[in-house]
Amino acid sequence: MSAKPQPRAEVAVVPFTSIIEGTRFRVDYGDINELVASFKVDGIIQPLAVRDNGDGTYTLAAGGRRYRAAGLAEIADIPVRVYPQDIDEYTMRSIELMENIIRKDLAWHEMVLLKKEIHELQVKIYGTKISTSPDAPGWSKAMTAKLLGGAESMVSEDIKLAEAMEILPDLKKAKNRNEAQKILRSAEEGIIRAELAKRMQENTATTGVERVHRELINRYIVGDFFDVVKQIPDKSVDIIELDPPYGIDLHDAKTALDNGFYPQGNYNEVAKEKYEEFMTKVLSECNRVMSENSWLICWFAMEPWVDEIYHMISATGLKTTRLVALWEKATGQTRSPSTQLASTYEPFFYARKGNPLISKQGRGNIFRFKGVNSSRKIHPTERPIELIQEVLATFGWQSARVFVPFLGSGNTILSAANLGMQAFGCDLTQEYKDSYIIKVTGSAPGSYHSYREGVKEDDENGDEG
């Protein structure tokens, strides 16, 4: 389609007082003192664009910053490009926006909003292009890209960002366009993940595998531990894998160490000053639901809680040892590399109620497994299925009933399923369950894993758990 030609303008000099500013796209013109000083010395070099109103007055089409500066410089006569009286409001607006698009001082969000408005104005003038034929009527994003001298994909992405800012105003706070796109993609992925999880959960289970999937999905309960645990009978659980909040302000620690790559926005931490009270209540409930001969696996932060956690476990009547077990990882992290070595392990107490026996007797207390690759993580403290499976196999037995108070990624349920154990648990965050549902339905029961298939444990590019 050949767009109708832009109206021709005539160059003239008109009185400043005859120009009507009208409503502008750009309201904040920043510091114009330098421009005012320039006008006082050299006058106005680049003409403003105006529409002839036919009564001796003119409506400003483009050049709002120069117009303001000319007023402050007290310039009486202004050079202008005069457009005819019959140009419509859309064309007037388009003239203003097209001049603004070449400015160097626009913020990224101003630029994408400007591109969106230019595109929408052209659509209002010419209509929406439906056919792909070059001669078909209407206007398309490809034509906007050609008008602005950019790639169609870039213009489409910018228009999408501008539309998203209407729904997510905080996008404007992004440092640049790339950061805004990452935030938008993350939001979109969350929406898509939630919709996929909803559909999967609503599907009718017809095959045996689908019925097992449905059962595993139902074992992930979205709710508060202290509410859920009330529904669990006394002495009904054989193994508890307890991975509570660490009381170390994990969000700030992860942000500092990992540059915010992990999906930690919904992680629920417990304040240090309330941590001992919190853990005392958690351990008391765990002890209540543990069977006569059962195990508690309790992950914790060595610094500063090792002594406190040991005494709290012992105070419940469970038997444990300060010779904790360690998950040894290939890589470590430290917030103070100049004074502290990077920590490459995470500890857990293993405590027993009654007299249960270790299934893998003679096994060492070091569990060597890579962390979950950051691109595959769905939770900031996610541990690999392969590790948890080995821990459960060390202390548990087939058909053992496993309870996970702070479920997170849900990997313990999948590890237990691989071993023929029955696990269930709870977490406060629906988003984590949504990701878990997709993981459940993505593999057959018994073959769940965190490492890529065909990649050896030592070759997996894992990271801090």
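Against the criterion of being at pLDDT 95 or above and assigned to a helix (DSSP H, G or I), Ile309 qualifies. The listed residues are Ala3, Ala49, Ala62, Ala69, and the only one of them that is within 28 Å of Leu148 (Cβ to Cβ), of a type in the set (A, V, I, L, M), at pLDDT below 75 and crowded, with 18+ Cβ neighbours inside 10 Å turns out to be Ala62.
Just a yes or no: is a residue in region 398-406 touching a Gly at 6+ places or on another chain (Cβ under 6 Å), assigned by TED's automatic domain parsing to the domain that holds Gln333, under 29 Å from Asp224 (Cα atoms) and among the β-branched types (Val, Ile, Thr)? Among the residues of region 398-406, at least one is touching a Gly at 6+ places or on another chain (Cβ under 6 Å), assigned by TED's automatic domain parsing to the domain that holds Gln333, under 29 Å from Asp224 (Cα atoms) and among the β-branched types (Val, Ile, Thr), which makes the answer yes. Return a yes/no flag: does region 389-409 have any residue that is hydroxyl-bearing (Ser, Thr, Tyr), part of a strand (DSSP E or B) and at pLDDT 90 or above. So far as region 389-409 goes, no, none of its residues is hydroxyl-bearing (Ser, Thr, Tyr), part of a strand (DSSP E or B) and at pLDDT 90 or above.
Out of region 365-378, which residues are assigned to a loop (DSSP other than H, G, I, E, B) and in contact with a strand residue (DSSP E or B) (Cβ under 9 Å, 6 or more places away or on another chain)? Scanning region 365-378 gives Asn365, Phe369, Lys370, Gly371.
Filtering Lys160, Lys198 for residues that are surrounded by 13 or more Cβ atoms within 10 Å (Cβ to Cβ) and outside the structural domain of Tyr436 (by TED's automatic domain parsing) leaves a single hit, Lys160.
Checked against (1) under 23 Å from Ser435 (Cα atoms); (2) in contact with a Ser or Thr (Cβ under 6 Å, 6 or more places away or on another chain); (3) at pLDDT 85 or above, Lys235 passes all but condition (1). Within region 306-320, one or more residues are crowded, with 16+ Cβ neighbours inside 10 Å, aromatic (Phe, Trp, Tyr) and out of contact with any helix residue (DSSP H, G or I) (no Cβ under 7 Å at 6 or more places or on another chain). Any idea which of Arg363, Arg352 is without any contact (Cβ under 8 Å) to a residue 40 or more places away in the chain, farther than 27 Å from Gly442 by Cβ and among the basic types (Lys, Arg)? Going through Arg363, Arg352 in turn, just one is without any contact (Cβ under 8 Å) to a residue 40 or more places away in the chain, farther than 27 Å from Gly442 by Cβ and among the basic types (Lys, Arg): Arg363. For region 332-365, the set of residues classified as within 19 Å of Val391 (Cα to Cα) and among the polar types (S, T, N, Q) consists of Thr344, Asn355, Ser359, Gln361, Asn365, listed by residue number. Does region 218-228 contain at least one residue that is surrounded by 15 or more Cβ atoms within 10 Å (Cβ to Cβ) and modelled with pLDDT under 75? The answer is no, given that none of the residues of region 218-228 is surrounded by 15 or more Cβ atoms within 10 Å (Cβ to Cβ) and modelled with pLDDT under 75.
Which of the following residues is buried (at least 21 other Cβ atoms within 10 Å of the Cβ), under 37 Å from the mean Cα position of the chain (by Cα) and either assigned to a strand (DSSP E or B) or in contact (Cβ under 8 Å) with a residue 40 or more places away in the chain (or both): Leu326, Leu296? Even if it seems obvious, please write down each step before you answer.
Values: Leu326 fails: buried (at least 21 other Cβ atoms within 10 Å of the Cβ).
Every option except Leu296 fails the conditions.
From the set of residues in region 273-293 that are in a helix (DSSP H, G or I) and of a type in the set (D, E, K, R), which is farthest from Leu242 (Cα to Cα)? Of everything passing the filter in region 273-293, Glu273 is farthest from Leu242 (Cα to Cα). Scanning region 379-388 for residues that are in a helix (DSSP H, G or I) and of a type in the set (D, E, K, R) yields a total of 1. Within region 417-427, the set of residues being of a type in the set (A, V, I, L, M, F, W, C) and within 19 Å of Ile232 (Cα to Cα) comprises Met421, Ala423, Phe424, Cys426. Inspect all residues belonging to region 365-375 and state whether any of them is of a type in the set (Lys, Arg), at pLDDT 95 or above and either more than 30 Å from Asp227 (Cα to Cα) or crowded, with 22+ Cβ neighbours inside 10 Å (or both). Yes; the residues of region 365-375 include at least one that is of a type in the set (Lys, Arg), at pLDDT 95 or above and either more than 30 Å from Asp227 (Cα to Cα) or crowded, with 22+ Cβ neighbours inside 10 Å (or both). Going residue by residue through region 264-271, is there one that turns out to be in a helix (DSSP H, G or I) and either at pLDDT 80 or above or in the same structural domain as His379 (by TED's automatic domain parsing) (or both)? No: zero hits. For region 137-163, the set of residues classified as closer than 14 Å to Leu121 by Cβ, assigned to a helix (DSSP H, G or I) and over 29 Å from the mean Cα position of the chain (by Cα) consists of Met143, Thr144, Leu147, Leu148, listed by residue number.
The values are calculated or read from the model by the stated rules, or taken from the named source; none is laboratory data. Quick caveat, the model's predicted, so the values are computed rather than measured. Here the Cβ is made from the backbone with ideal geometry for all residues, glycine too, and neighbour counts use every protein chain on show.
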